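**Q** Supplied in structure tokens, the structure appears directly below.
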Amino acid sequence: MRYSKIVGLGHHVPETVVTNEQLSAMMDTNDEWITERTGIKERRWIDPAKDTVANMAAKATRMALERAKLTEKDIEFIVFATITPDYFFPGSGVLLQRELGLESIGALDIRNACSGFIYALSVADQFIKSGMYKTILVVGAEIQSTAIDPTTRGRNTAVIFADGAGAAILQPNEKPGILSTHLHSDGRFAEELYVRDPGSSRTREERQPEQILDTTHFKVVMNGSQVFKHAVVRFMEVINEALNANGMKKEDISLLVPHQANLRISQFIQQKMELPDSKIYNNIMRYGNTTAASIPIAMSEAWAEGRIKENDVICLAAFGSGFTWASALIRW
Ligand code: ACO
């Protein structure tokens, strides 16, 4: 049996730190509100003069390659999870391929928001298991700071979403590796967390340049309480699905790395699963919610801190726009 194994992890976050105090100077909010509701203390915002989704992904990739003792030339395929690509099209996968100096390998973009990285990991896992590729780069990278409304009008989401990139390199192995992935969606709730425009369902008139500054363009619409209610249920379901599929119990998990949506959601799951602090990884306090990048950034940091060790059972879980939700169980 051929399994896939993560042989290298890397991440990159922009240099600019934006604290809750700094946000309070831009909009009617305060550190207490943000900390109490989301757990976030600071986040990173890009410098538009130098950072792009693809070049942040390239920096994360280079860290992952170095840790795996591989080079760019070893990469045979790219799976790129993002909802904030550098261009409307083509996707950021090809821009990353160009950035890495790779000539003609395939590159696939995945648009599954907060679940994007686990979806991407699952796709890469199938390609490795089937024998199609031997080294696949899976990335999650986002720039959300350029789309948020940094005024009181946008405060319900501007304080949450932020920028960053994470990468994982997958290779085949006789032993697992990735034990399972489970992917789900329920499009009935698409509009509970979404960006309406620029959407192709608009008429030609609605898409004229003078309409581009319409307030729906790039505006994240979020029904926070609906997202919270569904997230806590789906996170638990999909984690249990992963455990059941592998004949494991929650006690078998060495480290749970949840999508960094909101510290309150992570704490709710931790409480329900009765996990000690040592068995869950959170870094939303420092980076905010970086959507598809949050899990690989968290994994990369957890690995560097020695919290992911050989033979550990690592559980990844995510929930987000779509709604979509997903889990992956990994034997390290
Ligand atoms: N600062 C101060 N006040 C604010 C802010 C802010 N940044 N944002 C909103 N408010 C105000 C609102 O205007 C509202 O005021 P009003 O009562 O005068 O109308 C009040 O705070 C309460 O607003 P709610 O939206 O009801 O706030 P809630 O208590 O539900 O908290 C939150 C919002 C944190 C988003 C919460 O709903 C939540 O935790 N939802 C989970 C969803 C989530 O975390 N989404 C982010 C990630 S999405 C994902 O990754 C899956």
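The values are calculated or read from the model by the stated rules, or taken from the named source; none is laboratory data. Quantities reported herein were computed from a predicted structural model and do not represent experimental measurements. Glycine gets a Cβ as well: all are built from the backbone with ideal geometry, and neighbour counts include every protein chain shown. These area figures cover heavy atoms from the full protein model, side chains too; ligands, DNA and RNA do not enter into them. Shrake-Rupley method; radii C 1.70, N 1.55, O 1.52, S 1.80 Å.
A quick yes/no check of all residues on (1) touching a Leu at 6+ places or on another chain (Cβ under 8 Å); (2) buried (at least 17 other Cβ atoms within 10 Å of the Cβ):
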{"residue": "Ser145", "(1), (2)": "no, yes"}
{"residue": "Asn156", "(1), (2)": "no, no"}
{"residue": "Ala162", "(1), (2)": "no, yes"}
{"residue": "Ile169", "(1), (2)": "yes, yes"}
{"residue": "Gly177", "(1), (2)": "no, yes"}
{"residue": "Pro198", "(1), (2)": "no, no"}
{"residue": "Ser201", "(1), (2)": "no, no"}
{"residue": "Pro209", "(1), (2)": "no, no"}
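**Q** Same structure again: Can you tell me which residues in the range 184-202 are closer than 30 Å to Ser130 by Cα and touching a Ser or Thr at 6+ places or on another chain (Cβ under 6 Å)?
**A** Of everything in the range 184-202, just one residue is closer than 30 Å to Ser130 by Cα and touching a Ser or Thr at 6+ places or on another chain (Cβ under 6 Å), namely Ser185.
**Q** Let me ask something additional. Considering only the range 69-78, I want to know if a residue exists there that is over 16 Å from Gly140 (Cα atoms) and in a strand (DSSP E or B).
**A** no
**Q** If a residue has to be buried (at least 24 other Cβ atoms within 10 Å of the Cβ), more than 16 Å from the ligand (Cβ to nearest atom) and among the polar types (S, T, N, Q) to count, how many in the range 88-121 make the cut?
**A** Matching residues across the range 88-121 total 1.
**Q** Also, I was wondering about something else. Testing Met1 on (1) open to solvent by 10 Å² or more (accessible area, probe 1.4 Å); (2) modelled with pLDDT of 95 or more, one condition comes back false. Which one is that?
**A** Of everything listed in (1) open to solvent by 10 Å² or more (accessible area, probe 1.4 Å); (2) modelled with pLDDT of 95 or more, Met1 misses just condition (2).
**Q** Restricting attention to the range 27-35, does a residue exist that is within 16 Å of the ligand (Cβ to nearest atom), touching a Ser or Thr at 6+ places or on another chain (Cβ under 8 Å) and outside any loop (DSSP other than H, G, I, E, B)?
**A** For the range 27-35, residues within 16 Å of the ligand (Cβ to nearest atom), touching a Ser or Thr at 6+ places or on another chain (Cβ under 8 Å) and outside any loop (DSSP other than H, G, I, E, B): present.
**Q** Suppose we filter Ile308, Ile297, Ile269 for residues that are among the β-branched types (Val, Ile, Thr), part of a loop (DSSP other than H, G, I, E, B) and modelled with pLDDT of 95 or more; which single one remains?
**A** Ile308
**Q** Of all the strands (runs of 3 or more DSSP E) wholly in the range 123-208, which have at least 1 residues that are modelled with pLDDT of 95 or more and away from the ligand (no atom under 15 Å from the Cβ)? Break it down into steps so the answer makes sense when it comes.
**A** Details: elements: 136-142, 164-173, 178-185, 193-195.
By residue number, 136-142, 164-173, 178-185.
**Q** For the range 69-87, indicate whether the set of residues that are of a type in the set (Phe, Trp, Tyr), surrounded by fewer than 16 Cβ atoms within 10 Å (Cβ to Cβ) and away from the ligand (no atom under 16 Å from the Cβ) is non-empty. I'd like the intermediate steps shown before the answer.
**A** From the range 69-87, those of a type in the set (Phe, Trp, Tyr) are 77, 80, 87; that's our starting set.
Restricting the remaining residues to those that are surrounded by fewer than 16 Cβ atoms within 10 Å (Cβ to Cβ) gives 87.
Next, from what is left, pick out any that are away from the ligand (no atom under 16 Å from the Cβ): 87.
Yes: one or more hits.
**Q** Can you run down the residue pairs with Cβ atoms below 6 Å, 6 or more apart or on separate chains, where the first is in the range 149-162 and closer than 15 Å to Arg37 by Cβ and the partner is in a helix (DSSP H, G or I) and more than 7 Å from the ligand (Cβ to nearest atom)?
**A** Val159/Leu23
**Q** Starting from residues that are touching a Phe, Trp or Tyr at 6+ places or on another chain (Cβ under 8 Å) and open to solvent by 20 Å² or more (accessible area, probe 1.4 Å), keep the ones in the range 291-321 and report whichever is farthest from Ile253 (Cα to Cα).
**A** The extreme case among them is Ser321.
**Q** Now for a separate question. Out of Lys134, Lys129, Lys59, Lys69, report the one residue that is touching a Ser or Thr at 6+ places or on another chain (Cβ under 9 Å) and of a type in the set (Lys, Arg).
**A** Lys129
**Q** Can I ask one more? Condition check: modelled with pLDDT of 85 or more, assigned to a strand (DSSP E or B) and either surrounded by fewer than 17 Cβ atoms within 10 Å (Cβ to Cβ) or of a type in the set (D, E, K, R) (or both). Does Val221 satisfy that?
**A** Numbers: modelled with pLDDT of 85 or more: yes; assigned to a strand (DSSP E or B): yes; either surrounded by fewer than 17 Cβ atoms within 10 Å (Cβ to Cβ) or of a type in the set (D, E, K, R) (or both): yes.
Yes, satisfied.
**Q** Here's a follow-up. Only one residue in Ala317, Ala261 is near the ligand (Cβ under 10 Å from one of its atoms), out of contact with any Asp or Glu (no Cβ under 8 Å at 6 or more places or on another chain) and under 16 Å from Val233 (Cβ atoms), so which one is that?
**A** Ala261
**Q** Moving on to the next point. Is it the case that Lys50 is under 25 Å from Ala304 (Cβ atoms), more than 21 Å from the chain's Cα centre (by Cα) and either without any contact (Cβ under 8 Å) to a residue 40 or more places away in the chain or within 16 Å of the ligand (Cβ to nearest atom) (or both)?
**A** Against the criterion (under 25 Å from Ala304 (Cβ atoms), more than 21 Å from the chain's Cα centre (by Cα) and either without any contact (Cβ under 8 Å) to a residue 40 or more places away in the chain or within 16 Å of the ligand (Cβ to nearest atom) (or both)), Lys50 qualifies.
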